Amino acid sequence: MKPSRQNKADILAACFIALALPAYYKVKFLLDGQMTVEQLRDPAAFFEVLFAFLLACLLLIFYRLGAAQIKRVRLPLLRRMLPLALVAAAALVAIAFTRFFFHVVVPWGTQPSFEFDIALLAVLLPLIVSGVADRIFLEGAAKDAEKAALVARFETLKARLSPHFLFNSLNTLVDIVEEDPALAVKFIEQMAALYRYILEHRDQQLVPLSAEIKAIRSLLYLLESRQPGGFEFEFSLEPAADNLQIVPLALQTVVENAVKHNVYSPHKPMKISVYIDKGHLVVENTLNRRAGVSSTETGLENLQKRVAHVCRRSIQVAEGGGLFSVRVPLIEHSTG
């Protein structure tokens, strides 16, 4: 089992203290003339490193156990006061261990100034660990986020270019090409426009909302052609929409998710409404769930990853009153 990033931070912090604390005193004594260069090679230095490492491990365990206990406290005021008590207790534990080590394990004795430094180290240890952890966490989180975004973008592109959707569209085209050549030409134009949009914008982080709306109209035309009378589409977009951007293929993902999981027909069409509300593009559809649909739930999940990576926000999914809605964050276009 691989150690977590927090465990890695603890191990690195303990090793750092094990080397840095003895080194600090060696340099200090050397500069003060209390030690010679030859004495630096004294084998007794091993015990100093051992002491520093054991002290760091003891304090790390103490802080981890203390933090776990604090999380169980329900009173807010007490939870705010306990961390200070934990730090004070850690300083006492550090002094007690120091006296034990240098009076029992190795009978060298200790100076009050040294015990004060050890108490100060105990107080500062959480800051040292958090600094190491932040370095590990931030780098790891950035790599994870980038990887998740790349995977999500690939999955989105793969879904948009799925043979299932293409074959259904071609089957519809075969049905109408002889009956209505003019309609077939328009169908081909809309299908080409949709796939052109996908290929042109698949690598972009944000696209103009107007371009996304234009592409979704092509998709809706294809859906309506495949199932005449099965849909009711309603767009309610403000003039300010011209200045807004959105993650590419977001609308396609949400609409196709609705089509996949619902039953629709000319007798009971599915209404899809698209409108702007409080910095979000809302896609809302009536619910008439399709029975026996196998779903990996990767469509909206991949969209969530892409939105989180690009916008540092999340999509919002809600269901109720016979409606299913997805709110996708919008970004104002910067002209500066």
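Output the qualifying pairs, or none if there are none: Cβ atoms under 9 angstrom, residues six or more apart or on different chains, first residue in the range 95-122 and more than 23 Å from Y63 (Cα to Cα), second residue among the charged types (D, E, K, R) and assigned to a helix (DSSP H, G or I).
Pairs found: T110/R99.
Between G292, G321, G336, which is small (G, A, S), modelled with pLDDT of 85 or more and surrounded by fewer than 19 Cβ atoms within 10 Å (Cβ to Cβ)?
Answer to the check: G321.
So which residues in the range 225-243 are under 26 Å from H280 (Cβ atoms), at pLDDT 85 or above and surrounded by 15 or more Cβ atoms within 10 Å (Cβ to Cβ)?
The answer is F231, F233.
Is it the case that some residue within the range 104-122 is within 34 Å of the chain's Cα centre (by Cα), modelled with pLDDT of 75 or more and assigned by TED's automatic domain parsing to the domain that holds L59?
Checking the range 104-122: at least one residue is within 34 Å of the chain's Cα centre (by Cα), modelled with pLDDT of 75 or more and assigned by TED's automatic domain parsing to the domain that holds L59.
What do you reckon, is E179 charged (D, E, K, R), over 22 Å from N257 (Cα atoms) and either not assigned by TED's automatic domain parsing to the domain that holds V254 or not in a helix (DSSP H, G or I) (or both)?
Considered against the rule, which asks whether it is charged (D, E, K, R), over 22 Å from N257 (Cα atoms) and either not assigned by TED's automatic domain parsing to the domain that holds V254 or not in a helix (DSSP H, G or I) (or both), E179 comes out as yes.
So that you can scan it fast, the table gives a plain yes or no per residue for (1) in the same structural domain as K260 (by TED's automatic domain parsing); (2) closer than 25 Å to H309 by Cβ; (3) over 29 Å from the mean Cα position of the chain (by Cα); (4) surrounded by 13 or more Cβ atoms within 10 Å (Cβ to Cβ):
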{"residue": "E189", "(1), (2), (3), (4)": "yes, no, yes, no"}
{"residue": "D203", "(1), (2), (3), (4)": "yes, yes, no, no"}
{"residue": "S218", "(1), (2), (3), (4)": "yes, no, yes, yes"}
{"residue": "Y221", "(1), (2), (3), (4)": "yes, no, yes, yes"}
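Considering (1) modelled with pLDDT of 85 or more; (2) of a type outside the set (D, E, K, R); (3) outside the structural domain of Y63 (by TED's automatic domain parsing), say which one V174 fails and leave the rest.
Result: V174 passes all but (1).
Given the options L31, L12, name the one that is over 23 Å from F100 (Cα atoms) and touching a residue at least 60 places away in the same chain (Cβ under 8 Å).
From the options L31, L12, the qualifying one is L12.
The values are calculated or read from the model by the stated rules, or taken from the named source; none is laboratory data. Worth saying up front: this structure is predicted, and the values here are computed from it rather than measured. Virtual Cβ from ideal backbone geometry, glycine too; neighbours counted across all protein chains shown.
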